Amino acid sequence: AVERTLSIIKPDAVAKNVIGQIYSRFENAGLKIVAAKMKQLSREDAEGFYAVHKERPFFKDLVDFMVSGPVIIQALEGENAVIAHRDLMGATDPKKAEKGTIRADFADSIDANAVHGSDSVENAAIEIAYFFGTEVYSR
Ligand code: CMP
């Protein structure tokens, strides 16, 4: 089914100047960008976005990292978009990510892991609304 997913290019990948290379991977996989923006997240933005991880030991480091520089946030649309995007990203820990995935190619550590992607269609809807409200386009 055609789905939407929320994708974030994290501060490490923005700093490495690989935004275009990552966008090309989305496009080559048939994922359309239906909303996009660059944003310097506030702590409140990052803590709210990652609220499900609030009790995890890595929460503070995760928030510190996500506010360390601007991110690029996009909603992607395509056939099985949630899984398709997760396949492009590779495993959360870049050391475990398959060759040719975004994290294997661009990420340095489990925190500086280049990209975020929604883990389900339900969470994608929540995450897209969190950053874009209803401002998502049909194209
Ligand atoms: P992301 O998909 O953005 O969701 C939560 C983030 O927490 C994850 O990517 C990692 O960057 C970060 N993180 C740090 N340590 C861990 C961990 N042990 N397990 C899962 N995520 C972690």
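Going through (1) open to solvent by 50 Å² or more (accessible area, probe 1.4 Å); (2) in contact (Cβ under 8 Å) with a residue 40 or more places away in the chain one by one, residue 22 falls short only on (1). Here is the figure for segment 19-49: residues that are within 18 Å of residue 68 (Cβ to Cβ) and of a type in the set (Gly, Ala, Ser) total 3. Restricting attention to segment 64-92, the residues being away from the ligand (no atom under 13 Å from the Cβ) and open to solvent by 80 Å² or more (accessible area, probe 1.4 Å) number 3.
Kindly indicate whether residue 61 is touching a helix residue (DSSP H, G or I) at 6+ places or on another chain (Cβ under 9 Å), acidic (Asp, Glu) and open to solvent by 20 Å² or more (accessible area, probe 1.4 Å). So residue 61 fails the test. Filtering segment 38-58 to residues that are farther than 18 Å from residue 123 by Cα and open to solvent by less than 70 Å² (accessible area, probe 1.4 Å) leaves 39, 41, 42. Close Cβ contacts (under 6 Å, 6 or more residues apart or on different chains) running from residues in segment 91-111 that are modelled with pLDDT of 95 or more to residues that are within 11 Å of the ligand (Cβ to nearest atom) and open to solvent by 50 Å² or more (accessible area, probe 1.4 Å) comprise 93/110; 111/61. In segment 26-37, of all residues being in contact (Cβ under 8 Å) with a residue 60 or more places away in the chain and open to solvent by 60 Å² or more (accessible area, probe 1.4 Å), the one that is nearest to residue 137 (Cα to Cα) corresponds to 32.
Can you run down the residue pairs with Cβ atoms below 7 Å, 6 or more apart or on separate chains, where the first is in segment 117-134 and open to solvent by 20 Å² or more (accessible area, probe 1.4 Å) and the partner is of a type in the set (Val, Ile, Thr)? Hits for this filter: 120/82; 121/82. The helices (runs of 4 or more DSSP H) found wholly in segment 1-113 and carrying at least 3 residues that are among the aliphatic types (A, V, I, L, M) occupy 11-15, 59-66, 81-89.
Only residues that are open to solvent by 50 Å² or more (accessible area, probe 1.4 Å) and either touching a residue at least 40 places away in the same chain (Cβ under 8 Å) or under 27 Å from residue 138 (Cα atoms) (or both): list them for segment 1-19, please. If you could, list the steps in order and put the result at the bottom.
Narrowing segment 1-19 to residues open to solvent by 50 Å² or more (accessible area, probe 1.4 Å): 1-2, 4, 15-17.
Within segment 1-19, 1, 2, 4, 15, 16 meet the criteria.
The values are calculated or read from the model by the stated rules, or taken from the named source; none is laboratory data. Small disclaimer: the values here were computed from a predicted structure and weren't measured. Cβ atoms come from the backbone with ideal geometry, glycine included; neighbour counts cover every protein chain shown. Accessible surface areas use protein heavy atoms only, side chains included; no ligands, DNA or RNA. Shrake-Rupley method; radii C 1.70, N 1.55, O 1.52, S 1.80 Å.
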